[in-house]
Amino acid sequence: MNIENYYQLDGTKLSFTREQASKFAKSVAGDFNSLHNIDSKRFCVPGDLLFSVIIHHYGLRQTMGFSFSGMVNDDVTLILPTVKSREISIYDQNDKKYLDISTSGDLSKDPELINSLTRNYVEFSGHTFPHVLVPIMKENNVMINPDRPLVIYDHMRIALDTLDIDSISLSLSGSEFRLYGKRGDVALNYDLSCNGEKIGKGQKKMVLSGLREFEQEKMDALVASYLDGKETYLSNV
């Protein structure tokens, strides 16, 4: 994965075009969330792309937490600060905050290890819908609004026992769901492994909005539309 193809960095100024962010979502992450369509009125840069750029830029710490506080679109220019501590906050040119990053432990800037983590993480993360989220929603008798589906990043974290490794793979280990009226959050827990040996764990948390009672027919239509969009895109690549 050549992450440099999916953003612009001018000194400390980080930005994304719609084409770059949408291509990353679809071609790299396999994520066909309509928020990442070039023509979407609510367009936003994938959280997985931000995660990947940050780790490539600052390096990989044994423990890292990412808390998202805003949706980045193609009009936003983020400022990447010089790191003077293990806590990093990312703001835009108008001093609006979009991301808090907490880190601890050893640091690795090994490009092969970082590429392995980011490539495998975004592939794992991008297949959340429909394979993981739909069964969770059905089990809890809720569903997102099929006319305006909205699933957004809240936070993610990773904790590695060691950085003395050459690759990282991910596997889902469990999930948690909490409902707050018409909103809910889903936490996906995963194991991190190297050559079949568990070397850490992590979690991805998402917010689901506009929840209502689960309806199988409408969910089937939403999934079919999602998969049709994926098939159309892949057939034209």
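The values are calculated or read from the model by the stated rules, or taken from the named source; none is laboratory data. The model shown is predicted, which means the values in this text are computed figures rather than measured ones. Here the Cβ positions follow ideal geometry from the backbone for every residue, glycine too, while neighbour counts run over all protein chains shown.
Here are the numbers:
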| quantity | calculated |
| --- | --- |
| Tabulated pairs, the range 212-237, first modelled with pLDDT under 90, second among the charged types (D, E, K, R), C-beta under 6 angstrom, 6+ apart or interchain | TYR233/LYS26 |
| Flag for GLU4 being at pLDDT 95 or above, exposed (fewer than 12 other Cβ atoms within 10 Å of the Cβ) and more than 20 Å from PHE124 (Cα to Cα) | no |
| All positions within the range 90-109 that are farther than 24 Å from LEU35 by Cα and in a strand (DSSP E or B) | SER102, THR103, SER104, GLY105, ASP106, LEU107, SER108 |
| Residue satisfying all of: in the range 178-211; assigned to a strand (DSSP E or B) and free of Cβ contacts under 8 Å to residues at least 12 places away in the same chain; surrounded by the fewest Cβ atoms within 10 Å (Cβ to Cβ) among these | GLU197 |
